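Q: Got a structure for you, questions after.
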Amino acid sequence: MTATAAGLVDELRAAVGAGAVLTDADVTASYARDMMPLAPAGHPLAVVLPRDTAQVQAIVRACAARRTPIVPRGAGSGLSGAANAIDGCVVLCLARMNKIIEVDADNRLAVVEPGVVNLELREAVEKRGLFYPPDPSSYDWCTIGGNLATNAGGLCCVKYGVTTDFVLGLDVVLASGELLRTGRRTVKGVAGYDLTRLFVGSEGTLGVITRATVALRPIPQAPATLVASFGSTAAAGRAVATIVREGMVPSLMEIMDRTSIRAVQDFQRTTLGKGSDSAALLLCQSDSGGEVARRELSAIEQACTDAGAELVYATEDLAEGRLLLAARRAVLPALETLGTWLTDDVCVPRTKITELIEESERIAARLRLTIAVVGHAGDGNMHPTIVYDASSADQTARAHRAFGDILELGLRLGGTVTGEHGIGKIKQDWLAREIGPVGLDVHRRIKAALDPHNLFNPGSMFAVRT
Ligand SMILES: Cc1cc2nc3c(=O)[nH]c(=O)nc-3n(C[C@H](O)[C@H](O)[C@H](O)COP(=O)(O)OP(=O)(O)OC[C@H]3O[C@@H](n4cnc5c(N)ncnc54)[C@H](O)[C@@H]3O)c2cc1C
């Protein structure tokens, strides 16, 4: 360790206490990467676990004085390498800042620290009759700070929107160590630039979020569930198009392709839809309750039947609904038994879902890989998931190629290279392609204005000009 690094570690220990500064390489290694196997990761100098905003400010000032990069981190559940360490950095892990500071039921909002786990917030507000909708599938371990920094989505986006739709205000520690307060506690508010949304989705490149005020809703009714299976992807695509065009708004609408159906059937030793002949499965829910939910699901049932569904089944039984949804949630565990999974995250116009699935099948055949497509049909956010043998250099190279081919396909279909996982350390070139030179230049100017010495998460999302 250099004298500068040792001096920094001493200053960090003085700021947050020795127990909150980890430097043992065996220990810091477990904070060095997220869940994306493709992304590069370096060796951090230290991992620091602050307890409050003042400690975050002290850490940022100490690092800034020595130009030591900082990588903010929540739970490390990300799928883009955005929280991956770079050599010599300080990983600033917010996991210990996990207090729910306030639940204001009368104004339907909550104030939370960034390390609160998504599920804990959902459960805490539920006790007060309230609902925090953003629900990434990793909700039982990802943090609100990570959700904000990636603008996370989830299964119920189709009806409720994504994280940014529920953020009222933020506390952010800037590269100078100053504390910026953005936003409001009111329903409306248009004073100044919308700085809150500038930080939402900024992937830890502009500042460290230390507190958030989030909007809540009343708890919806218990969901009724519908499952429809189709003999062709095109038929499922037609059903989705009708549901969207006719303005039906299920609270969840998920699609599984043939490969995911087979993987889950083998994994759960069960039959989904019409069994191994099914080309696609659509799972929908309505949380409107009672007669309204029955009407909504009956309209969806009609759309599926008209599109040529081979089987449609609806239930108001909660346990049965949970079982049907369990099949969707089992896709990744099922694929895990077949090899290493690498999930892509393209979002395409909802009329292009069929093409996305069919072309992914062609990519899989061409590159001799398994690619299972599962996704949020309601918003077009698809997760073609590549399964490969990570111990084979040849298969790994083909998996990388498939990953890129799917991004290319997403752009060709008029979509985006990421619907929810972010750019991180794997899609920088793709961001540049998607937003173009002017968009990239504006990104760089914003970064330079807020973080002139490139302190926060350097190299992630895009490279700054030197
Ligand atoms: C099985 C599985 C399912 C998933 N399903 C979904 C899904 O349905 N929808 C979805 O959107 N994502 C999903 N994800 C991805 C991931 O869970 C989300 O991106 C999540 O928001 C990351 O939260 P985290 O706390 O783990 O953050 P991390 O992975 O630790 O960090 C993510 C990014 O946020 C930054 N960051 C973290 N905390 C702060 C902070 N306080 N201030 C500033 N920057 C910060 C980091 O620097 C990094 O750039 C899934 C992941 C897995 C493994």
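Q: Tell me, which residue of region 121-145 that is within 21 Å of PRO72 (Cα to Cα) and part of a helix (DSSP H, G or I) is farthest from the chain's Cα centre (by Cα)?
A: Here the answer is LEU121.
Q: Can I ask one more? For region 385-413, name all the residues that are of a type in the set (A, V, I, L, M, F, W, C), open to solvent by 50 Å² or more (accessible area, probe 1.4 Å) and either in contact (Cβ under 8 Å) with a residue 12 or more places away in the chain or not in a helix (DSSP H, G or I) (or both).
A: ALA390
Q: Could you grab me the full set of residues in region 218-273 that are among the polar types (S, T, N, Q), more than 18 Å from LEU155 (Cβ to Cβ) and outside any loop (DSSP other than H, G, I, E, B)?
A: SER229, THR233, THR242, THR259, GLN265, GLN268
Q: Is there any pair with a first residue in region 132-149 that is over 22 Å from PRO220 (Cβ atoms) and more than 6 Å from the ligand (Cβ to nearest atom) and a second that is at pLDDT 95 or above and open to solvent by 30 Å² or more (accessible area, probe 1.4 Å) whose Cβ atoms are under 9 Å apart and which are 6 or more apart or on different chains, and what are they?
A: As it stands, the answer is TRP141/ALA75; TRP141/LEU119, since those pairs meet every condition given.
Q: Please note which strands (runs of 3 or more DSSP E) are completely contained in region 49-113 and include at least 2 residues that are within 11 Å of the ligand (Cβ to nearest atom).
A: Counting at least 2 such residues, we get 70-73, 90-93.
Q: Confirm whether GLU361 is over 25 Å from CYS156 (Cα atoms), open to solvent by 10 Å² or more (accessible area, probe 1.4 Å) and either part of a loop (DSSP other than H, G, I, E, B) or of a type outside the set (A, V, I, L, M, F, W, C) (or both).
A: yes
Q: So, in region 420-439, exactly how many residues are touching a helix residue (DSSP H, G or I) at 6+ places or on another chain (Cβ under 9 Å) and closer than 25 Å to ALA41 by Cα?
A: 12
Q: So, in region 1-16, of the ones that are open to solvent by 30 Å² or more (accessible area, probe 1.4 Å), out of contact with any strand residue (DSSP E or B) (no Cβ under 7 Å at 6 or more places or on another chain) and at pLDDT 95 or above, which residue ends up nearest to GLN55 (Cα to Cα)?
A: So the residue we want is ALA15.
The values are calculated or read from the model by the stated rules, or taken from the named source; none is laboratory data. All values reported here derive from a predicted model rather than from experimental measurement. Heads up, the Cβs are rebuilt from the backbone with ideal geometry, glycines too, and the neighbour counts pull from every protein chain shown. For accessibility, only protein heavy atoms count, side chains too; no ligands or nucleic acids. Shrake-Rupley method; radii C 1.70, N 1.55, O 1.52, S 1.80 Å.
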